[in-house]
Structure formats: C-alpha cells, structure tokens
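Notes for the one structure printed next.
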Amino acid sequence: METFIQQVLAGIATGGIYACMALAVVMIYQAIHHLNFAQGEMAMFSTFIAWQLLQWGIPYWLAFGLTIVISLIGGYVLERSVFKPIHNAPVLSHIVIFIALFAIFNSLAGFIWDFTIKPFPSPFGNAPLFGGGLIGGHQAGMIIITLVVLLILFAFFRYTRVGLAMRAAAANPESAKLVGIRVGVMTGLGWGMASAVGAVAGILIAPVVFLEPNMMLSILLYGFAGAVLGGLSSPGGAVLGGFTVGVVENLAGTYIPVVGAELKLPIALFLIVAVLVFKPTGLFGQRVVQRV
Amino acid sequence: MTVQQEEVSAVEARQEQQARSVSAATISSLVVLAALVLCPFFISGFQTFQLNLMLIYAIAIMGLNLLTGFNGQFSLGHGAFYAIGAYTAAILIDTFGVSYVWTLPAAGVICFVSGFLFGLPALRLEGVYLALATFALAVATPQMLKLSILEHWTGGVQGIVIRKPKAPFDLPLSQDQWLYFFTLFVGLLLYWAARNMVKSRSGRAIMAIRDNPLAARSMGVNVALYKSLTFGVSALFTGIAGALGAIVIQFVAPDSFTFVLSVALLVGLVVGGVGWLPGAIVGGAFIVFVPNIAEEISKGLSGAMYGLMLILLIYVMPTGAGGLIRTVTDRLTRR
Amino acid sequence: MKDRFKRVGGLSAVVGFSVIAFAAAAQDTGVTDTTIKIGLVQPFSGPASAYSQIAYTNEAYINMINDNGGVCGRQIELITYDDGYSPPKTVEQTRKLVESDQVFLIFNGLGTPTNSAIHDYMNIKEVPQLFVATGASKFGDPENFPWTMGWQPNYIAEGKIYARYILDNIDDAKIGILYQNDDYGKDYINGLRAGLGDKADDMIVMEQPYEVADPTVDSQIINLKASGANVFLNVATPKFAAQAIKKAAEIGWEATHIVNSVSNSVGSVLKPAGFENAVGIISANYGKDPQDPQWEGDPGLQKWSDFMDKYYPDGDKTSSFTVFGYGVTQTLEHVLKSSCDDLTRAGVMKAAASITDFETDTALPGIKINTSATDFYPIEQMQLMRFNGERWELFGDVIDGSNATN
C-alpha cells in the first residue's frame, strides 16, 4: 500500500511535466488544428535561451519573462516566414515541415550549446515538501504554475476577443475571414502563444530531467498522449490527461508482472489508444459533427 | 466549322494529348527501368548496395502510399511493420534455417495479419488520433523487440546476425548485384500488384473511402472491411521491404527500428508524392542519399542542413515529386 | 548461433593467414608512401550525438600527430562519417569507407548495435575494426573475430569488480539495480551475477530497467527503495545516472551507492546531480577525471589539457569523452608506430595484439594496456574510488577485472 501511494505521488509529480507539455499541445491544436511535431524541440530551444540568459547573470524571473517574450515573437515569426508561403499545401507537407524544423532546432541547439547535460535552476528549490520527499518543492511549484497557465488559457479562449477569433480562425477559416478575422495573423499568433507556453513547460521541466538537446524527445509524446486523452479542445482535460498518463505509467510499471517494468510506456500508450477507441474525442473533448 | 465539329475536334485533341502523355509516361518508365537494370554493371559494389537500400525503402513507401495516398489513413508507425518483416526474415533464417527467398512471403503474411488487426481499432480513430496511435506503435516497437521473454527468438538487445546469400545457378554476379536484382524483381512485382489493385473495383472503393467515407458507405462500400484490408495490404508491402532490408543489411537489432525509421518513411512518401506510386523511388532516394549530402555540407549541423533541404524541397514541390511532374506535364501538353 | 560464429571465424582466420603471406610483398590498401587512410563512423547526429565529442577528439589528436610529422613518415588522413546510431546506416557508411574510400582500417566505431552490424563484414573483409568504443564483451574474441578489438574495460569485468567489493565489504547485502534496457545494462548485470556466484539470486533483490526514451527514472528509484535494498548499483548513462543520484537523495534512500564507470564524470554527472547528493558514492575508473583537483599539475593530464587548448578549443574539458578520445587515439598512435616495419592490415592487428605495459597520458597510475594473441581486451584494470563531496578518492589496489572473482 505504501508503495502504491508513493507511486501515485511520483506519478503526479512526473505527470506535472506531461501536463505542462500537454497544455502547449492544446494551444497549438487550437491554432492550427494539428499536432506540431517540432513543438518539443522549440520548447527545448527556448529553455536553452533561458539558460543562456541566466548564464549572463540575468535574474531568474526576468530571464523567465524575457524567454517567454522571445518565444512568443519567435513562434509568430516562424509561422509567418516558414508556413505562410505554403499555406495551401496539403497537411502532410506541413507535417514534413514540422519534421524539418525538429531536425533544425535539435541540431542547432547541439551545435551552439553542445550535448552534455546541464543543471537548470529552480526558483522553488528542491527541498522535500511532503510524502517523504516524493513531491519536492520544484514539482509542487511546477504543478501550481501549470494550473495558473491553464487558467490563463481557459480565460483567454473563453472570454477574450482574440481568443475567440483564434478559435474561429482554426475551426472554420472561410467563415472567419467573412466576419473580418485576419486568419493568417491569428495562426501566427497561435504559434507564438504555443511556443510561449512551450517555453514555460521547458523551463519547468528542465530542473527535473536536466537540460540537453534531446530532453523533449519523449516528453512530447507523453504530452501528446495526455492532451489527446483529455481532449484536444479542452485545456483542463489536457492537464488532467497529463497527470493520468503519469500515474498510469508508474502503476503499470510497478504492478503488471513480467512485462510491466520493461513495457511501462507501451502499456500506458495502449491504454490511451483503448480509451480513444471507445471515446474517440478524448475524455473531455467536444464531438465534432461531420458534414457531408 | 460548326459548333459540333469544334467540340469533336477538341475532344480528339484532348484524346491525342492524353495518348501523347501516356506514351511519354511509358517511355520514361522504360528509361527508368533500363537505368535501374543497367546501373549495377557500371557502379561499385558499395553503390549497388546503396541503390538496393533505396529500392527497399521505395517498396516500404509504396506500402505506406497505398494506405495514406489512396485510402486517406495516416500512419506514423510503419517502421513497426518494417521491423516485423525484418525480424520474421531474420528469425526464419537464423533459427529455422529457412532459405531467404521464402522468408518474404512469410513476412508478407505475418505483416498482413498484424496490419489488419491493427487496422481494426484504428477504424475508430481519425486524423490526429490515428497519428498518435500509430506514433505510439512506432515508439513501442524497439521496446517490444527487446522484451526479455522473447529473447530466445529475437536475440534481445543483441539482435540477430544473418548470412548474406550468394547468387544462385553460378550466375556471374556479385552478392550485391544479385541481391539488387532480387530486390528489383520483388519491387517490380509489388509495383505491378499495387497498380492493378488501385485500378481495380476494390481500388476505386478504397479511394472513394478516402474522398468521402459517408458517400462511400451510402453507395454500399463496406468501409470498415476495406479500411482494415488496406491497412493489412499496406503492412504487407512494408513488411516485405523489411525482410529484404534484413537480408541486405545482414543484421537486425531493436536500435535499427526506432521511430526515426517511421518518420523517414513518411518524409519519403511526401517527397515522392502522396497518391503517386512511382514517387516511391524518389522517396527512397531521399531517405538514402539526402542525409549523406547534409553530412557532406556540415558535420556538426547535418541535422539543420537536412531540415533546410527538406523545407526547400517542399517549397519547390509542395505536393512532392508526383505533383511537380503532374504540373510540368500539364504545362507541356497544354501548350 | 555461437557455433556458426566459430565456423565463420575459423574460416576467416585461415583466409587471413594466406592474405598475410601475400600482402607482405605489397603495400596494403589505404597506405601510400606518404599517407595512411583511416575511417571512423560515429553518431554526429541523432539521440546519441553527445558522443560525437569523442570523434572530434579523435580527429583533433590525429591533427596533432600530423603536425608533429605523422607516424612512420606518413600523414594520417582521417575520414569520418555519421551513422546517427542506426545500425543500417553504420553498415552503409562502413562499406563506403572500406570499398569506396579504401581505408586502411576502421577506428573507434561507437556503440554495441552499430559495431555488431559490421562485425561479420569487417572480419570477412579482413579490415581491422580497431578499438571499438563499447565495453561489450563480444568485441574481444580473437578466435572467431581476429580483426576486431575493443579498448575500454568491458562491462562484464567491471560488474565483477563491483561484485567483489560487495562481497568483501558489505554484510548481508541486498542489491537493487537500475539498468538501461540494452546490451550495456545487461552486460553489467551478467558481470555482477558472475562475480556474486551462487549467492546472486539471494543478494539481488530487484532489477529495474529504464528505456532511453523515459523522461525520468523516479518511479524506478521508488520501487528500488521499497524493495529494501541496501546496495544500489546504478547502471545508467550520464543523464539518468544524475537523475537517479538526485532522486535517491531526495527520497532519503540510504544505501551504498555504486555508479558505473560510464557515468562517474564529476563535471557531467555529479555536478548536475548536486555534490551534496553524491557524497559516499563508489565507482571504478581507469582514466583520470580532469575535474578532479588531485590531478592538478599531473604531467599526463597537462599534456591532454595543452592538446585541448591547441587542437580542440571548442571541446568540453569537463567531459570524460574528450579524455576517452585522447587515450584511445594515443593507443592507436602507439600501435601504428610499432607496426611501421609491416604496415599491412595483418601487421597492424599483430601490433595491436602485442602491446605490453603501455600507459596512456590519461590513464590512472598503474593502469597498463596489455594484449596478446589470445587477449583482445586492452584495458582490464580498474581502481575503486569514493566521492568525498568534492572529488574522487581512489582506494584499494588496482584490480584486474579479468580475474576479479579469484
């Protein structure tokens, strides 16, 4: 029983990482109705920018803010420069561009900052908080910030003019254009916000997994899984999905005999796919009515 | 000239155009084929080996194309079927001493069944959900391959080393040349099968599902069955490619089949042209040669170079080589 | 499978001798009067690209050799290719080196699956596959694979050293193992089991694998602690080893912590994990750690440092990879120099198999490289050490891993 509680707590702590990333995934999905495979690498790159700023002696929270602003602008510029010229190309061509961006960011980060792991500071410290140190100060802080970002996103999409326009632009570009929404700008802004959320995720994740160019490789998959499980249209669902993935994975690894420990990730993914088969839009996603 | 006559002559002109472009297509296919057959006699063994890899990836891409290009289902996990095919071949050769030739049908059958079974739950998933499910498959593959309970057959983390076959009947061919022609033969056979399948009644049903699933269903197409079958056939192609890959590389290990392979196949598909079967060759060439070119330019930044080349390529041909060729021939014939 | 290897190996050995007889007259492929062409395949891109520092160090060292007049009156021409740690790509790139670039030998290829993929090929082609950068034990098998040689202590031998230490020093040891689920992790476990002998099953209370794709190893560490283990064998690569050290301290797991030599770098493991969390950790090593203050003023490490400044200024001086790359290339230099009279592939293999008491600049005092026609494991000695919160303190004698159980 003790192990069970410990694994659940540890799962929640790790789930916080996935929840963070899942939020970024939902953000980009709201903007372009697709998953961006380069998102993890973009978040990693933002984190390196933050690390560089810290190395130059800029105080933590200032570096934090600066990185978010840089990522916001960077994401916007990236969309406007790389994707605008081919906005009519098929979806698969866009996906290939995501893959290209993935390769570029990964390779650039390795070239500039090399591949050795770097410790990343946490403003919350690492002192054990409760549960015998299972959830440390940093993990607790990370979960709180994730929830704050969640609230901001929720309010943004629900109550602000720009947020509503962004959703309209993604859901139905033609109609959005007719009501005077500048679809292109909205898409660019969506990218900017997604990379800003990604930057927050990266900065929060780096103290746990250490900073290096490949740090997001697998976390992005967990983020996808969490977001898809919770429902891509629901930021709250995505966060909950992230935590669920963390807990399920730990329990699978601990309690399934013979193959559990070796197949922790595949088992978690299998469960998610099973859920999707019965609830194809995720646990909290909205049903989209298909038109003929 | 009356209006009618004008129409008739317009139709005739169009038919003529079509005939011209068909014959142009036939001629260019023959030229490509001749080049593929003659190449190994003028290049080194190593280059033949590279071309062989290109053909193998092309076969795998062809399989993916049947699924994505013609049926509209998305897969980021075809590396898994490639791996199943490769391991089937390696285990049959290593443990059971089966001749390499017979491992291909075996790999095909096993992959067809696994593809069909995977296609069943995938029926209920679309778009990004299917992308996630297939991507999960790709990520899980290496972990399944090294499972300790299967180690007896798979060799676990060490993988399996196999022997490269020699040319039979005392043919005056080196091992590389023989395997190249073997792959070419299998590839042509599969290409012929794929073309016929696409042109057949079933092929039209498959494409109808892609274009409008609801309409297809209302026309009496069994959507679920056809989708799963397409998944199976697609996996069959890719699995045979995997088996060929194992024979040519002489080695399989979990690290050979990471998600990078699945991503590479997808990139190859898009670069070659979604929904255009011959594009597979272009895609195969991209997978084999472009990383080498990127490395030539800059070793430290090879990933970035690869990414840049990929972006440029998509700018030049947003719908892949297939789209480019279609545009060019349209322009030429319209003249 | 074993039998087949033997057959192949025997055959190639026989063929090998006929080639030696023939080649004595002519100069071997890849060697001219002024140059020696050497090939190297390592992951410069992809998930394992952290290791590319080894390749860059190899390259830099060879530049240094050339600046100093080369070896045997010849300049070394090094051709490097990227395999992204993917075995099929390794086969392609290696064949390119051997068949297209016509190199004399292949040096310091990295990784077990990648080297396994070309193991047969190199031995059939009879091209030296020299000093592979992996500790997998199968790369020291002169009977079946006379053209392949490792360099670093093999993982099994190191596992045995830890077993010896546990048996001698810890009463009632209950061992929990964290390992990377691949050949590298499993070799350590095999070594440990062999070293513990009959007691292995009683003493090892839990083995927890992790995948390279896992974001953290927190869950595994919690399970290991819950198993009641009082000895923690940490067989992880640097990133995960650092995570494990940090996590074990965070949850207050008081166990004798042993970290494998792959991850005992002060700069790239213990520092990120936090020195306060690493106090008391035990490991084994054969090379000097440049971050370790006790080597200040050490002539060997000073040579390495000067080399880094001049030939690889971008390189990371806190990384153990650059030390590794220096040591292994120095060994290559030694082997080439001693085969000047017979600069053939067979001659080089013969020289590589007859190194006596060679000490590299970066090896710990007393650690000597010895090989023979039946011993294809160049470095087999290691010394145990304990971290005191600032640096490693060596203790005990230099141990020979090959007979650690005796």
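The values are calculated or read from the model by the stated rules, or taken from the named source; none is laboratory data. Everything numeric in this text was worked out from a predicted model, so none of it was measured. Because the Cβ atoms are built from the backbone with ideal geometry, glycine has one as well, and the counts that use them run over all protein chains shown.
What is the residue count in segment C:97-115 for residues that are in a helix (DSSP H, G or I), more than 18 Å from C:Tyr51 (Cα to Cα) and touching a helix residue (DSSP H, G or I) at 6+ places or on another chain (Cβ under 7 Å)?
3
A:Val96 - would you say it is under 18 Å from A:Gly190 (Cβ atoms), β-branched (Val, Ile, Thr) and out of contact with any Asp or Glu (no Cβ under 6 Å at 6 or more places or on another chain)? So A:Val96 fails the test.
A quick yes/no check of all residues on (1) in a helix (DSSP H, G or I); (2) within 11 Å of chain A (Cβ to nearest Cβ); (3) in contact with a strand residue (DSSP E or B) (Cβ under 9 Å, 6 or more places away or on another chain):
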residue	(1), (2), (3)
B:Leu76	no, yes, no
B:Phe81	yes, no, no
B:Thr88	yes, no, no
B:Phe116	yes, no, no
B:Pro121	yes, yes, no
B:Leu125	no, yes, no
B:Pro168	no, no, no
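For B:Val101, the criteria (1) touching a Leu at 6+ places or on another chain (Cβ under 7 Å); (2) more than 20 Å from A:Leu276 (Cβ to Cβ); (3) at pLDDT below 90 hold in every case but one, which is (1).
Every residue in segment B:62-84 that is among the aliphatic types (A, V, I, L, M) and more than 15 Å from B:Leu132 (Cβ to Cβ), please.
B:Met62, B:Leu64, B:Leu66, B:Leu67, B:Ala83, B:Ile84
Each residue in segment C:203-260 was checked for being of a type in the set (Gly, Ala, Ser), over 24 Å from A:Pro213 (Cα atoms) and without any contact (Cβ under 8 Å) to a residue 24 or more places away in the chain, and 2 pass.
Evaluating A:Val247 against the criteria (1) under 14 Å from A:Thr14 (Cβ atoms); (2) surrounded by fewer than 24 Cβ atoms within 10 Å (Cβ to Cβ); (3) more than 14 Å from chain C (Cβ to nearest Cβ) leaves one unmet condition, (3).
Of the residues making up segment A:113-123, one or more are away from chain B (no Cβ under 14 Å) and either modelled with pLDDT of 90 or more or touching a strand residue (DSSP E or B) at 6+ places or on another chain (Cβ under 6 Å) (or both). Within the option set B:Gly273, B:Gly279, B:Gly268, being more than 30 Å from C:Glu59 (Cα to Cα) and modelled with pLDDT of 90 or more holds for one residue only, B:Gly268. Listed by first and then second residue, the pairs linking a residue in segment B:150-164 that is assigned to a helix (DSSP H, G or I) to a residue that is at pLDDT 80 or above, with Cβ atoms under 6 Å apart and 6 or more places separating them unless they lie on different chains, are B:Trp153/B:Ile91; B:Thr154/B:Leu145; B:Gly156/B:Lys146; B:Val157/B:Lys146; B:Val157/C:Asp182; B:Val157/C:Asp183; B:Gln158/C:Asp183. Would you confirm whether or not segment C:140-150 contains a residue that is buried (at least 24 other Cβ atoms within 10 Å of the Cβ) and within 14 Å of chain B (Cβ to nearest Cβ)? Yes. Candidates B:Met207, B:Met197: the one that is farther than 16 Å from B:Gln73 by Cα, in contact (Cβ under 8 Å) with a residue 12 or more places away in the chain, in contact with a helix residue (DSSP H, G or I) (Cβ under 6 Å, 6 or more places away or on another chain) and part of a helix (DSSP H, G or I) is B:Met197. Set side by side, the residues B:Leu261, B:Leu277, B:Leu324 differ, and just one is outside any helix (DSSP H, G or I) and more than 10 Å from chain A (Cβ to nearest Cβ), which is B:Leu277.
Scanning segment B:103-128 for residues that are under 20 Å from A:Leu232 (Cα atoms) and either under 18 Å from the mean Cα position of the chain (by Cα) or among the basic types (Lys, Arg) (or both) yields one hit, B:Arg124. May I ask you to list the residues in segment A:176-233 that are within 14 Å of another protein chain (Cβ to nearest Cβ), small (Gly, Ala, Ser) and not in a helix (DSSP H, G or I)? Passing the criteria: A:Gly231, A:Ser233. Take the conditions (1) over 20 Å from A:Ser81 (Cα atoms); (2) among the small types (Gly, Ala, Ser); (3) modelled with pLDDT of 90 or more; B:Ser302 misses just one of them, which is (3). Exactly one residue out of C:Asp82, C:Asp67 is within 14 Å of chain A (Cβ to nearest Cβ) and either over 22 Å from the mean Cα position of the chain (by Cα) or of a type in the set (Asp, Glu) (or both), and it is C:Asp82. Taking A:Ser81, is it within 13 Å of chain B (Cβ to nearest Cβ), farther than 18 Å from A:Gly188 by Cβ, among the polar types (S, T, N, Q) and assigned to a helix (DSSP H, G or I)? Criteria not met by A:Ser81.
Sub-6 Å Cβ pairs linking a first residue in segment C:35-49 that is within 16 Å of A:Ile104 (Cα to Cα) to a second residue that is of a type in the set (D, E, K, R), at least 6 apart or interchain, are C:Phe44/B:Lys299; C:Phe44/C:Asp82; C:Ser45/C:Asp82, ordered by first then second residue. Which residues, taken from segment C:269-299, are among the acidic types (Asp, Glu) and farther than 26 Å from C:Trp151 by Cβ? Within segment C:269-299, C:Glu276, C:Glu296 meet the criteria.
Within segment C:224-246, the residues that satisfy the criterion of being surrounded by 22 or more Cβ atoms within 10 Å (Cβ to Cβ), within 9 Å of chain A (Cβ to nearest Cβ) and over 24 Å from the mean Cα position of the chain (by Cα) are C:Lys225, C:Lys246. Restricting attention to segment B:31-63, the residues that are assigned to a helix (DSSP H, G or I), more than 16 Å from B:Phe289 (Cβ to Cβ) and modelled with pLDDT under 90 add up to 9.
Looking only at residues in segment A:159-172 that are at pLDDT below 85 and either charged (D, E, K, R) or surrounded by fewer than 17 Cβ atoms within 10 Å (Cβ to Cβ) (or both), the one that is farthest from A:Ala31 (Cα to Cα) is A:Asn172.
Given the residues A:Tyr29, A:Tyr76, which is the only one that is more than 30 Å from A:Gly137 (Cα to Cα) and away from chain B (no Cβ under 11 Å)? Walk me through it before giving the result.
On the way: A:Tyr29 fails: away from chain B (no Cβ under 11 Å).
Every option except A:Tyr76 fails the conditions.
Scan (1) away from chain C (no Cβ under 14 Å); (2) touching a residue at least 12 places away in the same chain (Cβ under 8 Å); (3) not aliphatic (A, V, I, L, M) for the single condition A:Gly16 breaks and write down its number. Failing condition for A:Gly16: (1). Here B:Ser228 meets each of (1) within 14 Å of chain A (Cβ to nearest Cβ); (2) surrounded by 24 or more Cβ atoms within 10 Å (Cβ to Cβ); (3) touching a residue at least 40 places away in the same chain (Cβ under 8 Å) with one exception, condition (2).
In the set B:Pro291, B:Pro254, only one residue is surrounded by 20 or more Cβ atoms within 10 Å (Cβ to Cβ), facing another protein chain (nearest Cβ under 8 Å) and in contact with a strand residue (DSSP E or B) (Cβ under 9 Å, 6 or more places away or on another chain); that residue is B:Pro291.
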